[in-house]
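Below: the structure, in C-alpha cells.
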Amino acid sequence: MRAFQWAPKPLPIIKETKIGRNMPCWCGSGRKYKQCHESFDKKVDRFAFMGKEVPSRDMLKNENDVQKCRESAKINMACLDAVGEAIRIGMKLSEIDDIVYQVTTKMGGIPAPLDYEGYPYSVCTSVNSQVCHGFPAEDRTLKNGDIVNVDCSTILDGYFSDSSRMYMVGNVAPETRRLVEVTHECVELGVAAIKPWGFLGDMAEVIHKHAEANGFSVVRDIGGHGVGFEFHEEPWVSYVSNAGEDMLIVPGMMFTVEPMVNMGKADVIVDDDNEWEVYTKDGKPSAQWEYQVYVNEEGVEVISH
Ligand code: MF3
Ligand code: CO
C-alpha cells in the first residue's frame, strides 16, 4: 500500500569499512580518523554487539549538510506561515496547494511531494478524519469547525526539509481542539526526550504515553523517517514503541517527529481509488504535527517546524 511505501528496508549487517587511524575520517571533516570518528565508531560497535539497532554511516549529516537543510527549511516554514495567513472558512484546498507551489518556487526550491511516486500535488492537506496524504483538490472547501494538517516538504539544492502544522478553521469543537493541542504537546515532549546515545523508543514512549493519558491513540502503521539527503530515508520511526527500543540515536542523525494522533481507535484505511489518502477507520478526527530534528553532541536542534 502506498501509505507504507517507505517501510523499513532490512538493516545492513555488513560491517562498515575499516580505515587507518591516520587516514582522513569518513565523515568528510578532513581530520584524521583517530582524532575524529574513531571513538564514535567504537561506541556504536559496542551497542551493535549488545544487539541494538544502530545507524549506518550514510545516514549521518555533517555541518555542511545541516546548513543546507536549514536553508531548505526556511522555505518549508515560509510556506506554512503563508498558509497560516491565508487560511479561512470557504477556502479551496487547491489554494493551499497554489500557495505552497508559489512560495517554494519563488524562493528557489522545489515542492518535494510533486510527482513523488506519482503524487499529484505540491503539498498534503488532511482534513478531520483524514490521517495523512490528503489531496488539496479543487473541489474541496474548508468549512467552519474543520481541522486540517498541512504537510509541506521542500527540496533546495538537493537537500530536503519536511514539517507540518495543524490549522483550526473557525469554531472548532472543544474535544477536537484538545486533540490538536495534545498532539502538538506530544511532539514537543517527544523532541525533548531525544538525546544522543539514547534510543528512538525513548521519544516514542513519551509521545504515546501523553496521547493515551489524554484518551487518544497513536497510529501504528505509518511512521516518521530519516530525512535530508532524501525525502524518506532510514530509519523508519515508530511513535508507539517504548524506552530503550528501536534505533540508537547518535550525533549526525536527522529524522522527523510526526505522530498521527486519533481521537478514536488507531486503525487506519487507505483510499482504494487513489491509494494515497489515509483515513481513520472509525471516521473520528486525527491530528498530526511534524518537526524535523537534527541530533548533535549536545542534544537536538529543530530544523523545521
Ligand atoms: N510529507 C509526508 C511525510 O511527512 C510525506 C508525504 S509523501 C507525498 O513524510 F508524496 F504525499 F508527498
Ligand atoms: Co515526514
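Could you give the size of the charge dipole of the stretch 165-305 about its Cα centre, using +1 on the Cβ of each K and R and -1 on the Cβ of each D and E, expressed in debye and rounded to the nearest 20?
On the way: 9 positive and 25 negative charges, 117 e Å.
Approximately 560 debye in magnitude.
For the stretch 203-299, rounded, prolate or oblate, judged on the Cα gyration tensor with a ≥ b ≥ c (square roots of eigenvalues), a/c < 1.5 rounded, else prolate if a/b > b/c?
oblate
Under the convention that each Lys and Arg Cβ holds +1 and each Asp and Glu Cβ holds -1, the size of the dipole of the chain around its Cα centre is about 1060 debye. When the chain is described by a simple charge dipole with +1 on each Lys and Arg Cβ and -1 on each Asp and Glu Cβ, the residue from Ser164, Leu189, Val278 located farthest towards its positive end is Leu189.
Helices that extend 30 Å or more along their long axis by alpha-carbon positions and average at least -0.5 on the Kyte-Doolittle scale are, among the DSSP H runs of the chain, 63-86.
Among the lysines of the stretch 13-98, pairs at least eight places apart or on separate chains and with Cα atoms under 17 Å apart come to 12. Please say if the stretch 1-152 is rounded, prolate or oblate, where rounded means a/c under 1.5 for a ≥ b ≥ c the square roots of the C-alpha gyration tensor eigenvalues, and otherwise the choice is prolate for a/b larger than b/c and oblate otherwise? It comes out prolate by the Cα gyration axes.
In terms of packing, defined here as the mean over residues of other Cβ atoms within 10 angstrom, the peptides 230-241, 122-133, 31-42 line up highest first as 122-133, 230-241, 31-42.
Put simply, the Cα atoms of the stretch 136-295 extend 45, 40, 29 Å along their principal axes, the longest span coming first.
Highest mean packing comes first when the peptides 172-183, 264-275 are listed by Cβ atoms within 10 Å, giving 172-183, 264-275.
For the stretch 86-198, dividing the convex hull volume of the Cα atoms by the residue count gives 133 Å³ per residue. Couplings 3J(HN,Hα) of the stretch 220-227, computed from phi: 9, 7, 10, x, x, 6, x, 7 Hz, in residue order, whole Hz [Karplus 6.51 cos²θ - 1.76 cosθ + 1.60, θ = phi - 60°; x for Gly and Pro]. Geometric descriptor of the stretch 94-134, per residue, is 66 Å³ (volume of the convex hull of the Cα atoms).
Panel note: the C-alpha atoms of the chain, placed on their principal axes, show extents of 64, 43, 34 Å (largest first).
No value in this document is a laboratory result; all are computed from the given coordinates. Small disclaimer: the values here were computed from a predicted structure and weren't measured. All Cβ positions, glycine included, derive from the backbone under ideal geometry; neighbour counts span all protein chains shown.
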